[in-house]
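The values are calculated or read from the model by the stated rules, or taken from the named source; none is laboratory data. Quantities reported herein were computed from a predicted structural model and do not represent experimental measurements. In this analysis, Cβ positions are derived from the backbone assuming ideal geometry, glycine residues included, and neighbour counts consider all displayed protein chains. Only protein heavy atoms, including side chains, enter the accessible area calculation; ligands, DNA and RNA are left aside. Shrake-Rupley method; radii C 1.70, N 1.55, O 1.52, S 1.80 Å.
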Amino acid sequence: MIIDFTSFDRRDRFPEILRPRTAGDAFVFLFCLWWILLGLFSILPQIDLAVANVFFLPEQCVLPIRPGQVCGIFPYNDDPHMRLLREIFFQVPYVVAIALCWMLVLCWQQHGATFKTLRARNLKIALGSLLLGPVLIVNLWLKAFSGRPRPRQTDLFGGLLDFVHAGSFAGKCASNCSFISGEAAAAGWLFCLIFIIPQPARTALALPIAAISILIPALRVAFGGHYLSDAVLGWLSSLVIFSALMALSQTTHSRRNSEN
């Protein structure tokens with residue numbers, strides 16, 4: 001059910017448009033793009049502020065704590081239907097991860113001619129990229145130590161902490177901070193699976209997966225839980241990790257073939 005990154009048919013227009021020639025090319029492009037976007041958001045923090053302001057509803061402060069205090073809410077964050085949608089989508093990547101673990105176990109139970117080497121390799125890449133990207137790099141490292149307050153925590157949007165630009169570790173957030181979005185990273189990982197799903201399932205699932213993958217980080221921005229930069233860079237980080245592991249796997253596989 002899982003196929004190689006390089007096996008897309010040229011008639012399959014969706015992956016053909018997005019796909020570089022090799023996973024190594026994809027990694028180099030995505031890695032450079034991630035840093036370029038980080039630099040852009042860092043130099044132009046008004047992008048983050050302008051997008052957050054679209055979803056912020058100012059209100060009259062009842063008891064001002066200090067002169068010039070801004071009060072208000074992110075209305076979508078208080079909408080029960082939107083919150084339910086977010087809770088459902090929050091679970092999707094991890095439900096999929098459990099299914100992939102089950103598929104890998106079934107794959108390992110096969111022996112000899114029935115063992116599907118390529119399928120097992122791609123399943124390990126998919127699960128490894130989830131563990132390395134959204135779990136370790138994003139949630140256990142960046143979100144724990146970046147210090148960037150979420151929009152609703154900053155004094156520009158009804159909070160008490162100072163705004164800091166993307167990439168800055170000077171913020172006063174103590175834990176579970178805004179840079180970068182863990183949910184966006186998980187959503188980006190979900191998008192990566194499109195490239196290892198075989199036909200005809202890929203044609204049927206690509207659009208729904210892409211839509212969910214984009215909607216998850218969009219909701220976090222609308223809720224005031226993350227700035228646009230947190231969502232974009234979080235989402236893109238998983239594509240960087242996934243392409244890196246895929247390139248490493250292809251290089252190792254090619255080297256073994258040349259030695260045999």
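Key figures
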| quantity | calculated |
| --- | --- |
| Where Arg150 falls short, out of the listed (1) more than 26 Å from Ser229 (Cβ to Cβ); (2) at pLDDT 95 or above | (1) |
| Candidates Ala187, Ala210, filtered to the one that is at pLDDT 95 or above and over 22 Å from Phe55 (Cβ atoms) | Ala210 |
| Subset of segment 109-145 (residues that are surrounded by fewer than 12 Cβ atoms within 10 Å (Cβ to Cβ) and either part of a helix (DSSP H, G or I) or at positive phi (or both)) | Gly112, Ala113, Thr114, Thr117, Trp141 |
| Out of Leu100, Leu63, sole residue that is in a loop (DSSP other than H, G, I, E, B) and over 19 Å from His226 (Cβ atoms) | Leu63 |
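Each row is one residue, and each column tells you yes or no for (1) open to solvent by less than 10 Å² (accessible area, probe 1.4 Å); (2) assigned to a loop (DSSP other than H, G, I, E, B); (3) closer than 21 Å to Tyr76 by Cβ; (4) out of contact with any His (no Cβ under 7 Å at 6 or more places or on another chain).
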| residue | (1), (2), (3), (4) |
| --- | --- |
| Gly147 | yes, yes, no, yes |
| Leu156 | no, no, yes, yes |
| Gly171 | no, yes, no, yes |
| Ala186 | yes, no, yes, yes |
| Thr203 | no, no, no, yes |
| Pro208 | no, no, no, yes |
| Ala211 | no, no, yes, yes |
